[in-house]
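Let me begin by presenting the structure, written as structure tokens, before commenting on it.
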Amino acid sequence: MRVHVADHPLITHKLTVLRDATTPSPTFRALAEELVTLLAYEATRGVRVEEVVVTTPVAQAKGLAISSPRPLVVPILRAGLGMLEGMVKLVPTAEVGFLGMVRNEETLQPDIYAERLPDDLSNRQCFVLDPMLATGGSLIAAIDYLFARGAVDVTCVCLIAAPEGLAAVEAATAGREVTIVVGALDEKLNELGYIVPGLGDAGDRLYGTV
Ligand code: PRP
Ligand code: URA
């Protein structure tokens with residue numbers, strides 16, 4: 001598994017405002033979208049492309065185009081939905097599929113409650129969006145689901161990860177083509193499975209549930 005922890009002052013600045021408990025939902029949503037666009041730049045470094053030639057007003061120019069089959073972007077509902085616009089802004093031709101997952105707050109086990117994905121993901125490059133990588137349970141279940149459908153290459157874009165969750169994803173995906181791009185690697189998980197210092201419940205903060 002490849003892990004890229006973003007190291008850029010703009011990303012850290014935006015994450016700092018996101019973490020602040022006094023940041024209201026509208027600002028939180030706008031910042032989450034901006035952050036994803038910055039992280040997507042790194043996450044798409046390995047996007048599959050093919051050489052093309054275009055005719056400029058002056059001459060022919062060699063260039064690159066995103067190749068077929070198109071990348072599949074998969075936000076994990078609910079909180080991952082807040083990352084979708086930021087991602088498709090950068091890759092507007094991507095196809096979008098959805099996975100709805102919720103973590104049981106007592107057992108911390110993920111449950112898939114909704115799915116809207118192409119049946120056959122053979123040879124597809126997938127980009128999973130989920131802001132919080134805490135125990136890693138949700139991300140492992142999502143990655144397993146995509147590989148079981150035939151995906152060959154999964155890149156996950158997260159805002160914040162806990163070291164325990166990263167280690168769990170690494171152990172569970174050994175030997176498969178998995179990349180994690182994350183805005184910050186935090187200190188630990190607390191006894192309730194929340195990332196410390198983290199930002200609290202990402203879904204609640206995005207959608208004003210608190
Ligand atoms: C949050 C978050 C991740 C998951 C991470 O979702 O968006 O999907 O928890 O936790 P894990 O790494 O321990 O699995 P939640 O289950 O709260 O659902 P929501 O997006 O609907 O708020
Ligand atoms: N899910 C969240 O939204 N936040 C955490 O800190 C952990 C899981």
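The values are calculated or read from the model by the stated rules, or taken from the named source; none is laboratory data. Since this is a predicted model, take the numbers as computed values, not measurements. In this analysis, Cβ positions are derived from the backbone assuming ideal geometry, glycine residues included, and neighbour counts consider all displayed protein chains.
Applying a threshold of 7 Å to beta carbon distances and a minimum spacing of six or more residues, or different chains, the list of pairs starting in the stretch 104-115 at a residue that is assigned to a loop (DSSP other than H, G, I, E, B) and ending at one that is among the small types (Gly, Ala, Ser) reads Leu108/Gly137; Leu108/Gly193; Gln109/Gly137.
Every residue, every condition in (1) closer than 30 Å to Arg176 by Cα; (2) modelled with pLDDT under 95, yes or no:
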residue: Arg19; (1), (2): no, no
residue: Glu34; (1), (2): yes, no
residue: Thr37; (1), (2): yes, no
residue: Val54; (1), (2): no, no
residue: Ser68; (1), (2): yes, yes
residue: Pro71; (1), (2): yes, no
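Restricting the first member to the stretch 154-170 and to residues that are free of Cβ contacts under 8 Å to residues at least 12 places away in the same chain and assigned to a helix (DSSP H, G or I), and the second to residues that are more than 10 Å from ligand 1 (Cβ to nearest atom) and of a type in the set (Ser, Thr, Tyr), no beta-carbon pair is closer than 9 Å while six or more apart or on different chains. Just one of the numbered conditions (1) under 27 Å from Thr23 (Cβ atoms); (2) within 12 Å of ligand 1 (Cβ to nearest atom) is not true of Tyr113: (1). Candidates Leu108, Leu90: the one that is within 25 Å of Lys188 (Cβ to Cβ), at pLDDT below 95 and either among the aliphatic types (A, V, I, L, M) or surrounded by fewer than 18 Cβ atoms within 10 Å (Cβ to Cβ) (or both) is Leu108. Flag: Met132 matches the condition of being buried (at least 22 other Cβ atoms within 10 Å of the Cβ) and within 10 Å of ligand 2 (Cβ to nearest atom). For the stretch 112-126, does any single residue satisfy the condition of being under 25 Å from Leu15 (Cα atoms) and either buried (at least 18 other Cβ atoms within 10 Å of the Cβ) or under 15 Å from the mean Cα position of the chain (by Cα) (or both)? Yes. Residue pairs whose Cβ atoms lie under 9 Å apart, separated by 6 or more positions or on different chains, with the first residue in the stretch 188-210 and in contact (Cβ under 8 Å) with a residue 60 or more places away in the chain and aromatic (Phe, Trp, Tyr) and the second more than 9 Å from ligand 2 (Cβ to nearest atom) and part of a loop (DSSP other than H, G, I, E, B), are Tyr207/Arg78. Residue check: is Glu50 outside any strand (DSSP E or B), of a type in the set (Asp, Glu) and out of contact with any Cys (no Cβ under 9 Å at 6 or more places or on another chain)? No. In the stretch 81-95, the residues that are within 17 Å of Arg48 (Cα to Cα) form Cβ pairs under 7 Å with partners that are of a type in the set (Ser, Thr, Tyr), at six or more places apart or across chains, as follows: Leu90/Thr37; Leu90/Tyr41; Leu90/Thr44; Val91/Thr44. Just checking, does the stretch 90-97 include any residue being more than 10 Å from ligand 1 (Cβ to nearest atom), under 17 Å from Gly203 (Cα atoms) and in contact with a strand residue (DSSP E or B) (Cβ under 8 Å, 6 or more places away or on another chain)? Within the stretch 90-97 (the criterion being more than 10 Å from ligand 1 (Cβ to nearest atom), under 17 Å from Gly203 (Cα atoms) and in contact with a strand residue (DSSP E or B) (Cβ under 8 Å, 6 or more places away or on another chain)), the answer is no, since none of the residues qualifies.
If the condition is being of a type in the set (Gly, Ala, Ser) and within 8 Å of ligand 1 (Cβ to nearest atom), then the stretch 191-205 contributes Gly193, Ala202, Gly203.
Count of the stretch 111-149 residues, restricted to those that are at positive phi and at pLDDT below 95, is 1.
Taking Val152 as the residue in question, decide whether it is hydrophobic (A, V, I, L, M, F, W, C), in contact with a Lys or Arg (Cβ under 8 Å, 6 or more places away or on another chain) and surrounded by fewer than 19 Cβ atoms within 10 Å (Cβ to Cβ).
Answer is yes for this residue.
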